[in-house]
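What follows is a single structure, written as structure tokens, with notes after it.
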Amino acid sequence: QVQLVESGGGLVQAGGSLRLSCAASGRAFSNYGMGWFRQAPGKERELIAAVNWATRTYYAESVKGRFTISRDNARNTVYLQMNSLKSEDTAVYYCAATLFTSMTPSDFDSWGQGTQVTVSS
């Protein structure tokens, strides 16, 4: 497992942009697949973006074309660039890590504490 700390959440107007960061501990960061989940009030937690050790990416249809996940292994950090934000994007966003390459939601077993993103309409 790896320790994860998210940052960068906040309040933004619809149509605006925000970049989330996830700082990870451990010498083997580059071996992990990294993902971003979100959970809105009353809804299930969902995987919205992921990147594996080879920088293969996954995006949920709800964010495809608007969000970009990236990683900087030298800084042990993964990012989520969020553009064209909508009110429906309001949620707590969680960083997660997995040693599996499939990057299915059930494979992520290391979690950050979450950062709130609120989009005003």
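Quick note: the coordinates plus some simple rules give every number you see, no bench work behind them. From a predicted model like this one, the values you see are computed outputs, not experimental measurements. Please note: Cβ atoms are built from the backbone with ideal geometry, for glycine as well, and neighbour counts cover all protein chains shown.
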Task: Inter-label distance for Gln81 and Ser25, nm, one decimal - labels placed 7 Å from Cα along Cα-to-Cβ - done: 3.0 nm
Open item on the list: Apply the a/c threshold of 1.5 to the C-alpha gyration tensor of the chain and tell me whether it is rounded, prolate or oblate.
Closed with: prolate
Task: Around Arg38: net Lys/Arg minus Asp/Glu count, Cβ-Cβ under 12 Å - done: -3
Task: Peptide ranges 45-52, 112-119 listed from the most packed, as the mean C-beta count within 10 angstrom indicates - done: 45-52, 112-119
- [ ] Please list the non-local residues whose amide H lies under 5 Å from the amide H of Lys86, H modeled 1.01 Å from N, same-chain partners needing a gap of 5 or more.
- [x] Gly15
TODO: For the range 16-46 and the range 47-121, compute the distance between their C-alpha centroids and round to whole Å.
DONE: 5 Å
Task: chymotrypsin sites (Phe, Trp or Tyr not before Pro) lying in DSSP loop within the range 76-121, provided at most 14 other Cβ fall within 10 Å - done: Phe100
